[in-house]
Amino acid sequence: MAPGQCHGDSSHPGGPPPGGRPPAPCPSARWPWRGDSLTVTSARPVAGGQPGSHRPGHRHRGTATTGGTLGGSWLSSAPCRFQKHVHTYRILPDDEDFLAVQTSQGVQVRRFKTLGELIALYLQPNQGLVCTLLFAVEREKEKESAEDRDYSGTRGGPSYPPPTLGVSVPAGAGAVTPTLTNGLTSISHEYLKGSYTLDLEAVRAGASSLPHLNKTLVTSCKRLHSEVDKVLAGLEILSKVFDQQSSPMVSKILQQVRGEGAGCSRPRSALPQALKALQEMSSATPAPPAQPLSRKAKSIPVQTFEVKLDVTLGDLTKIGKSQKYTLSVDVEGGKLVVLKKQKDSQEDWNTFTHDKIRQLIKSQRVQNKLGIVFEKEKDKTQRKDFVFVSARKREAFCQLLQLMKNKHSHQDEPDMISIFIGTWNMGSVPPPKSITSWFTSKGLGKTLDEVTVSIPHDIYVFGTQENSTGDKEWVDFLRAVLKDFTEIEYRPVAMQSLWNIKVVVLVKPEHENRISHVSTSSVKTGIANTLGNKGAVGVSFMFNGTSFGFVNCHLTSGNEKTARRNQNYLDILRLLSLGDKQLSSFDISLRFTHLFWFGDLNYRLDMDIQEILNYISRKEFEPLLKVDQLNLEKEKHKVFLRFAEEEITFPPTYRYERGSRDTYVWHKQKPTGVRTNVPSWCDRILWKSYPETHVNCNAYGCTDDIMTSDHSPVFGSFEVGVTSQFVSKKGLSKSSEQAYIEFESIEAIVKTASRTKFFIEFYSTCLEEFKKSFENDSQSSDNINFLKVQWSSRQLPTLKPILSEIEYLQDQHLLLTVKSLDGYESYGECVIALKSMIGSTAQQFLTYLAHRGEETGNIRGSMKVRVPAERMGTRERLYGELGGGVWGGFWGWGGGGGGRAPGGEWLRAMGLERYEQGLLHNGWDDLEFLSDITEEDLEEAGVLDPGHKRVLLESLQLRK
């Protein structure tokens, strides 16, 4: 026997050893000392040195922690098992830096100068240990590979939530197998210790059976039989209680298992295969580990686009006809070639490198028109407007140009990333072997151009419902199909599941270290809000300086259950615990720069089934979208307040006949009778982003070749602006270089019959801590259900950002919550972008207040963000949004023909973006013209709500 191991099971079952010796520690040959790690064979590491509970006959391999302290010294606990009981002792340095072994009460503490002395003593018998030390346990020297890392700690990589919140997925393809905790452990231990060699010799001699293993399995089956029966009975009860599509599968499994017979015949039926596998393993030479393939990323070939130069009517009379051009994008070479076709077959071309392309301006009125701003000479630019064959070709060109600028940019961090969002109700059956059409956005609706289909996204988010595949198996499957298509090993960021509702987030390896603050959560909304057959799962994280939230949900089914679905949404909004915990005053719709919400929302169409089928057959979707329950509830402000959704141009995704996409099956046999499920857009993707941020949906549709479920998978492809973790080049601000956020006044109209006083709390990542105002100094009421409260500059705080650079501040947002003094209850929250507030003069803001998903009023005010001249430097941006009617950055949004700024961002800031299409349709595509709009003009554009008309007209008056 050698030091480091205590004999776990000697004699004397139960109770102390002979002579009443108290149990003593089982120290390893390397006891932890000043931060050393300790590996022991134990039941479970127990904090504070107290014996932990332990089930007899079970042994776990664990690591005793050394992070805790006691009286300023490092502490280590060493549990060991003796006679099926766990005994735990502590070894820690005392005041004189001696190693002290603390055992049971009444036993004298032994002290040692060195670790060697401690081990030498306990190598001898009768020294207070249960038994002498047996052998040394060496420190594990293998360095974990990148594929086997576990991100559940607090290292610089992605931080995973605690296990109680979700399933942490390691970065590699494999996961750590949980330690067995059943009675098989002791039986298998006896077999391996005694009879294994006999069976092995028999196999090598050509025997076709393993009698000792057979006997061991029979013994194990006797113990497991009752537990298996209990599990099967429970599954059968659940399959009868819940009328889900998974019920037939559960019944089938039960029949198969029970059909194998009773007693020990279940494991016996698989015995011949197990014996054959053992025989092959014992005779075969172990294969060398497979070497990872080093693949080069796919290069993108040069892509060409046929366009026409957009000219004014006056220019057209001079030229005679519009001129044809060819635009060639060389992503790898970092250049754009603009080629003009001439009559005499000669060609005139100009080549622009990536740094000479200053801005793209997308026209909103003409969807296939794009303005490109080129740098001709220093500080001189030229703009040309081109008309593409289709809007999809324009988007493909923009994506390639964005990819080119990202690839060749001198910036260390990206300004734009691409995100794939997918949602699919799998119908409780495994996926087909190929799901490529799903994650490449191929099928029906708004799809990606064939030029950009092969470009991998930076982040993939897969949301599924009724997914019966195991969590790890599902993650491995998704990573494998992505690797097969993209030749990239995508890394898991997080995986969260609630019953068969799952969400998986995968990211390119190059972005892995840019992701932090990962958290997961789930909410049950099933029967009595206690069952997880319906509900939501969510993941949130930071990508550099930008916060993201992703929610996958499965809401209540049934044509008539609209109110219940609305309540499901509100419960998820209130209870899903994601994002910064300091923002607990705000629901999740305001906690993230970008929030994506998707899943089987189960909202149906309120129309006769035959009418629905007729419209679908003619591909006339607009009449159906007008009776879509989700659209109707959104218009009433009951759900998804200020969320956006791309236009739906694909047929309803539910309820298809399995194996076909040509036939809808709307009758479903239930125990209570026949149930009608009309074809509907149950599967949706919505999003909500902070004002003055960049997000653009490039694809929104469904597949037409994945037919295993009665739902078609839905896809969405987005380009999203992100910010970097800003580091000031000038260091911390001096008092003379400090930026300030100053308020001149704030007025809020809150929905309440109370006449109490109110105050405002201000939150932002650019502030060290949240700030509070004083109570309002005036208030009035013209309506018994509403109260107008006002704060003057004296009542409002001056906020000092932690950094004063304009480059940093223009990406920041301010969250406000209006609270009552009597109960500190929030009456409404909102978000304000600082970008439009930067300047020496005060700027006006106006937006809506909302609380728990309900619109509760509005808030307006006057404020400015003062930035010192020394901190005004900015860098080139690859994208930008409009704020206050000026162009920003690489991306711009143009109006009809003059390139002026439309009112889209202005409407979005007030939550009234639903009126944008109506205003554009009636010619109100410019803020300059909008200032002259009348109430009648608004009504013609579809603004019929009196409150909305008043807010729009007042906002335009403020802009004057």
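Dividing the Cα radius of gyration by the Kirkwood radius, what Rg/Rh value follows for region 743-814?
Working: Rg = 14.8 Å, Rh = 13.7 Å.
Rg divided by Rh gives 1.08.
Given the Cα-Cα distance of Leu339 and Cys221 and 0.36 nm per residue of separation, how much length would full extension add, in nm?
Values: separation 118, 0.36 × 118 = 42.48 nm, distance 7.74 nm.
34.7 nm is the gain from fully extending Leu339 to Cys221.
Say each of Arg950 and Thr708 gets a label point 7 Å from the Cα, pointing the same way as Cα to Cβ; how far apart are those two points in nm?
Going from the Arg950 label point to the Thr708 one covers 5.6 nm.
Under a Cβ-only charge scheme (Lys and Arg +1, Asp and Glu -1), can you give me the dipole magnitude of region 409-564 about the Cα centre, in debye to the nearest 20? Could you put the intermediate results ahead of the total?
Values: 14 positive and 16 negative charges, 153 e Å.
Roughly 740 debye for region 409-564.
Ordering Trp349, Trp687, Trp791 by how much accessible area each has at a 1.4 Å probe, largest first, what is the list? Intermediate values should be presented prior to the final figure.
Details: Trp349 145, Trp687 30, Trp791 5 Å².
Accessible-area ranking of Trp349, Trp687, Trp791, largest first: Trp349, Trp687, Trp791.
Rounded if a/c is under 1.5, else prolate if a/b beats b/c, else oblate: with a ≥ b ≥ c from the C-alpha gyration tensor eigenvalues square-rooted, which is region 647-806? Spell out each step's value before the answer.
Values: a/c = 4.45, a/b = 1.82, b/c = 2.45.
In terms of gyration-tensor shape, oblate.
Applying 1/(1 + (r/R0)^6) with R0 = 51 Å to the Cβ-Cβ distance of Lys324 and Leu625, what FRET efficiency is obtained, to the nearest 0.05? Numbers along the way, then the final one.
On the way: r = 37 Å, r/R0 = 0.73.
Computed FRET efficiency for Lys324 and Leu625: 0.85.
Note down the nm distance, to one decimal, between modelled labels 7 Å out along Cα→Cβ at Ser209 and at Ser454.
About 6.0 nm separates the two model spin labels.
Testing the spin-label approximation: label points 7 Å from Cα along Cα→Cβ at Ser299 and Ala202. State their distance in nm.
6.3 nm
Note down the accessible area of Ser437, probe 1.4 Å, to the nearest 10 Å².
Ignoring ligands and nucleic acids, Ser437 comes out at about 10 Å².
Quick one: which residues, 5+ away or cross-chain, put their amide H under 5 Å from the amide H of Thr546? H built at 1.01 Å from N.
Thr723
Quick one: how many lysine pairs in region 545-662 have C-alpha atoms under 25 angstrom apart, if they're 8 or more apart or on different chains?
On the way: Lys561/Lys626; Lys561/Lys634; Lys561/Lys636; Lys561/Lys638; Lys619/Lys634; Lys626/Lys634; Lys626/Lys636; Lys626/Lys638.
Going through region 545-662 pair by pair, I get 8.
Over 21 Å between Cα atoms, which of Lys800/Lys864; Lys433/Lys483; Lys341/Lys384; Lys407/Lys446; Lys688/Lys835 qualify?
Working: Lys800/Lys864 12 Å; Lys433/Lys483 14 Å; Lys341/Lys384 16 Å; Lys407/Lys446 26 Å; Lys688/Lys835 18 Å.
From the list (Lys800/Lys864; Lys433/Lys483; Lys341/Lys384; Lys407/Lys446; Lys688/Lys835), the Cα-Cα distance tops 21 Å for Lys407/Lys446.
What Kirkwood radius, in Å to one decimal, follows from the Cα pairs of region 455-586? Spell out each step's value before the answer.
Values: mean 1/r = 0.0633 Å⁻¹.
When all Cα pairs of region 455-586 are included, the Kirkwood radius is 15.8 Å.
Report Ser836's accessible area, 1.4 Å probe, all protein chains in place, as a number in Å² to the nearest 10.
Looks like 30 Å² after rounding.
If R0 is 41 Å, what FRET efficiency do you get for Arg564 and Ser792 from their C-beta distance, rounded to 0.05? Numbers along the way, then the final one.
Values: r = 46 Å, r/R0 = 1.12.
Efficiency computed from Cβ-Cβ geometry: 0.35.
Given +1 on the Cβ of Lys and Arg, -1 on the Cβ of Asp and Glu, and no further charges, what dipole in debye does region 783-849 carry about its Cα centre, rounded to the nearest 20?
Values: 5 positive and 6 negative charges, 54 e Å.
Here the size comes out at about 260 debye.
Would you mind checking which residues have amide H under 5 Å from Lys442's amide H? H placed 1.01 Å from N; only 5 or more apart, or other chain.
Result for Lys442 returns nothing.
With θ taken as phi - 60° and the coefficients 6.51, -1.76 and 1.60, list the Karplus ³J(HN,Hα) couplings across region 677-684 in order, rounded to whole Hz; mark glycine and proline as x.
10, 6, x, 8, 8, 6, 9, 9
Out of residues 5 or more away from Ser680 or on other chains, whose amide H comes under 5 Å of its own, with H placed 1.01 Å from N in the peptide plane?
So Ser680 has HN proximity to Thr653, Tyr654, Arg655.
On a 1.4 Å probe surface of the protein chains, which of Arg383, Arg604 comes out largest in accessible area, and what is the full order?
Working: Arg383 95, Arg604 0 Å².
Output order, biggest surface exposure first: Arg383, Arg604.
Got a sec? Charge dipole of region 754-862, +1 on Cβ for Lys and Arg, -1 for Asp and Glu; which of Ser836, Ser778, Ser820 is way out at the positive end?
Looking along the dipole axis, the top candidate is Ser778.
Return the FRET efficiency for the residue pair Ser754, Gln844: r is the Cβ-Cβ distance, R0 is 25 Å, and the value is rounded to the nearest 0.05.
Values: r = 28 Å, r/R0 = 1.11.
My answer for the efficiency is 0.35.
Can you list the HN-Hα couplings for region 495-501, worked out from phi with the Karplus curve (6.51, -1.76, 1.60; θ = phi - 60°), rounded to whole Hz and with x for Gly and Pro?
9, 10, 9, 9, 6, 9, 9
Give me the extension gain from Gln582 to Gln610: residue separation times 0.36 nm, minus the current Cα-Cα distance, reported in nm with one decimal.
Working: separation 28, 0.36 × 28 = 10.08 nm, distance 5.16 nm.
The span from Gln582 to Gln610 would gain 4.9 nm if fully extended.
Full-extension gain between Ile527 and Thr351, please, as 0.36 nm times their residue separation minus the C-alpha to C-alpha distance. Numbers along the way, then the final one.
Working: separation 176, 0.36 × 176 = 63.36 nm, distance 6.40 nm.
Stretched fully, the Ile527-Thr351 segment lengthens by 57.0 nm.
What is the dipole size for region 466-509, taken about its Cα centre, with +1 at each Lys and Arg Cβ and -1 at each Asp and Glu Cβ, in debye to the nearest 20?
Details: 6 positive and 7 negative charges, 36 e Å.
I would put it at about 180 debye.
Would you kindly calculate the translational diffusion coefficient of region 603-696, applying Stokes-Einstein with the Kirkwood radius from alpha carbon pairs, for 4 °C and a viscosity of 1.567 mPa s, and quote it in µm² s⁻¹ without decimals? Let's see the in-between values first.
Details: Rh = 14.9 Å.
The Stokes-Einstein estimate is 87 µm²/s.
The values are calculated or read from the model by the stated rules, or taken from the named source; none is laboratory data. Computed from a predicted structure; not experimentally measured. A quick note on method: Cβ atoms are made from the backbone with ideal geometry, for glycine too, and the neighbour counts reach across all protein chains shown. Heads up: the accessible areas ignore ligands, DNA and RNA and are worked out on the full protein's heavy atoms, side chains in. Shrake-Rupley method; radii C 1.70, N 1.55, O 1.52, S 1.80 Å.
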